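Where a number appears in this text, it was derived from the coordinates with a stated rule and is not lab data. On a predicted model such as this, the values are computed, not experimentally measured, just so you know. As a convention, Cβ positions derive from the backbone with ideal geometry for all residues, glycine included, and neighbour counts pool all protein chains shown.
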């Protein structure tokens, strides 16, 4: 006599693979924009911000400092242009605009702050504005 066995569909590797890959993005779609990844370190007189901007030229990066808000914007342009008779087999890199804005707890001196770009990393040296001492009022 044959024995009965219960079938567990979730134990089947094919069904598990189907559910695992169901919500994944189609590989042929254009890559989604990534935000600018940053590291921020604080010292007594300011901040050092390092931002990853791979594949960007120095003249395509814009940094704005207004009060305690820092904005980094960049445009990544397509460098590989297929010629006639060639076809692209895979394109995963993102091309377009990147933008990141963040605030710091202290106002910044935009005139004393500096920016350097080397090897795909933008380094901002942001100087804190000196604290303004309170003024004593005379009573009349």
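Where in region 92-126 does the amide nitrogen come within less than 13 Å of the point 7 Å from the Cα of residue 66, taken along Cα to Cβ? So the set is 101-103.
Return 52, 84 ranked ascending by Cβ neighbour count within 10 Å, so the fewest neighbours appear first.
On the way: 52 14, 84 4.
Result, fewest neighbours first: 84, 52.
Under the simplified labelling scheme, the residue 94-residue 38 pair shows an inter-label distance of 1.5 nm, with each label point 7 Å from Cα along Cα→Cβ. As a rough footprinting exposure proxy, the listed residues 128, 58 were ranked by other beta carbons within 10 Å of their own, and the order from fewest upward is 58, 128. Sorting 68-77, 106-115 by their mean Cβ neighbour count within 10 Å, with the most densely packed peptide first, gives 68-77, 106-115.
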